[in-house]
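First the structure, in the form of structure tokens, and then the observations on it.
Throughout, read-outs are computed from the coordinates displayed, never taken from laboratory work. Just so it is clear, the model here is predicted, and its values are computed rather than measured. Note: ideal-geometry Cβ built from the backbone for every residue, glycine included; neighbour counts use all protein chains shown.
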Amino acid sequence: MRPYRPAPRSRGADVGPRTGLARALSKLGYCSRSEAWALIEAGHVRLNGRLVRNPEQPVRLGVDAIAVDGAPVAAAKPVYVMLNKPRGLVTTHSDEQGRGTVLDCLEGSGLPHLGAVGRLDRASEGLLMLTNDTRWAADLLDPEVGWPKTYHVQIHAQPNESTLERMRRGIESEGETLSVVSVRRLREGEKNSWLEVVLDEGRNRQIRRILEVLGIEVMRLIRVSIGPLALGTLPKGQHRPLTAAEVAALRNPRDSGRHG
């Protein structure tokens, strides 16, 4: 891993995208933005050899030299990971209430600092991606792309077709109209059912809110795929790197035949 050093610069040139110092450390994969904020305010970070305590100090990535405790910050190699998130973990780097986070599943892996791509709430399970490539993550979450996300949902009910159609048409919740792209029954028991629900947007607790309005209790909610990427047989709490083909397919959705 080579040190992050400023690029050659011609006189009067102002190359490199500008961003705040805390965000720059996060984008370089050194630590989370909140951790960077604390390091900077505590006096551990120098910018072009000068001690800086302002986390929002403008930085030109690719131009300015950043060091933490005297060590040049390295631009980490891009890493892309799939995790089967267990129930009960929050999708953050740290939690004020002391709850476990998804990063606990990566302990001892030797991976650099990674951020979750989107969220799964604490009670939800399944496919979650983590990366230090912030541009790739932003493209993946872009609403213009609209990757379909598929969930398997166990409910304490046996809904009829009329109820499923209401989910497709839309439900009013907290001033928003929430709907699903598609929903179908997977299987039924004596009192419970499993549904397959597909979304193309990421509203907060969208499926749970829809079913709550319908008076239906959610027992389990598992995300099983995002676009062409499926959770498959990855064990709960385990992670694996994405293949180069998987990374490319998610980076270039319009070229991967998802509308085909």
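In table form, for the structure just shown:
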| item | result |
| --- | --- |
| Cβ-placed point charges (K, R +1; D, E -1), dipole of the chain about Cα centre in debye, nearest 20 | 680 |
| Positive-pole candidate from T163, V79, G100, dipole of the chain, charges at beta carbon | V79 |
| Expected 222 nm ellipticity per residue - DSSP helices of 4 or more, -39500 (n - 2.57), all of the chain, to 500 | -5000 deg cm²/dmol |
| Signed unit charges on C-beta, dipole axis of region 171-260, positive-most listed residue S193, L234, V180 | L234 |
| Region 109-260, Rg to Rh (Cα coordinates; Rh as Kirkwood inverse mean 1/r) | 0.98 |
| Gain on full stretching of the segment that runs from D142 to L234 - 0.36 nm per residue minus C-alpha separation | 30.5 nm |
| FRET E, pair R50, T134, Förster distance 30 Å, beta-carbon r, rounded to 0.05 | 0.75 |
| Three-way shape label, region 85-182, alpha-carbon gyration tensor, a/c 1.5 | prolate |
| Isotropic mean projected area of the C-alpha convex hull, the chain (nm²) | 17.5 |
